Amino acid sequence: MAQVILLNGASSSGKSTLARAVQAKADPPFWHISLDHLRDGGILPMDRFRSGDLDWKAHRARVFDGLHAMASAAADADNNLIFYHILEEQVWIDTLKTSLAGHDVLFVGVYCDLDVLNTRERERGDRPIGSAALDHALIHVGRTYDIKVDGTAPVQTNVDAILKGLNGGRRISELHTAR
């Protein structure tokens, strides 16, 4: 059974920084998977989506279905995962709950103040302005997490909380399945 740390937070909330820091400290080793890796690693034809040659809306569902299947397949092969996401669709939660049911999932809410999100988004310059605010308003609504962390807290504080939750915390999230 693989261990899976599923981070859910708004764009610019600090998920990727946190995932890298957890990966650097966690023992046993963890893979780090996200849509950003598909986008930034050249796996997705982003230039064609950006130019309008390909319609993102027409391909979006398949892209996320593939991402979720990749995460599930990696865990099924007994690889521990840090998987970060912006879970904006209930169907994604439902899919992950089913596909990761045989694994030890720690569902982590990454919270961040809206003013900080907006500042980070502007400074990054690689996201459409307003994405973080839209995420902030929607993605945590109705979610039940095993733990919550503050994306403005020191990274090491959040890493320690996640590793403590992973190694001894009780699972209470909506992704928990009784064994």
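The values are calculated or read from the model by the stated rules, or taken from the named source; none is laboratory data. Note that the structure is a prediction, hence the values are computed from the model and not measured. Keep in mind that these areas ignore ligands, DNA and RNA; they rest on the heavy atoms of the full protein, side chains included. Shrake-Rupley method; radii C 1.70, N 1.55, O 1.52, S 1.80 Å.
The average projected area of the stretch 42-81, computed from the convex hull of its Cα atoms over all directions, is 3.2 nm². Based on Cα atoms of the stretch 5-57, Rg over Rh with Rh as the Kirkwood radius reads 1.09.
Solvent-accessible area assigned to carbon and sulfur over the chain amounts to 54 percent, based on a 1.4 Å probe. Taking amide H as placed 1.01 Å from N in the peptide plane, the amide H of L54 sits under 5 Å from that of F49, each at least 5 places away or on another chain.
Total lysine pairs in the chain at Cα distances under 23 Å, for residues eight or more apart or on different chains: 9. Assuming a ≥ b ≥ c are the square roots of the Cα gyration tensor eigenvalues, decide whether the stretch 44-130 counts as rounded (a/c under 1.5), prolate (otherwise, with a/b larger than b/c) or oblate. Since a/c reaches 1.5 but b/c is at least a/b, the shape of the stretch 44-130 is classed as oblate.
Compute the Rg to Rh ratio over the stretch 1-93 from the alpha carbon atoms, using the Kirkwood formula for Rh, and round to two decimal places.
Looking at the stretch 1-93, the ratio lands at 0.99.
Per residue, the chain exposes an accessible area of 51 Å² to a 1.4 Å probe, with every protein chain left in place.
The translational diffusion coefficient of the chain, from Stokes-Einstein at 37 °C and 0.692 mPa s with a Kirkwood hydrodynamic radius over alpha carbon pairs, comes to 196 µm²/s.
Scalar couplings 3J(HN,Hα) for the stretch 105-114, obtained by applying the Karplus form with A = 6.51, B = -1.76, C = 1.60 to θ = phi - 60°, are 9, 9, 8, 10, x, 9, 9, 7, 4, 4 Hz; x denotes Gly and Pro.
Between I5 and L81, I82, F83, L106, the built amide H atoms are under 5 Å apart, and every one of these is 5 or more places off in sequence or on another chain.
Here the alpha carbons of the stretch 92-179 define both size measures, Rg and Dmax, at 14.9, 44 Å. With θ taken as phi - 60° and the Karplus curve 6.51 cos²θ - 1.76 cosθ + 1.60 applied, the whole-hertz 3J(HN,Hα) list for the stretch 135-146 is 4, 4, 6, 10, 6, 9, 5, x, 7, 10, 9, 6 Hz, x standing for glycine and proline. Close amide H pairs (under 5 Å, H built 1.01 Å from N) link E89 with no residue at least 5 positions away or on another chain.
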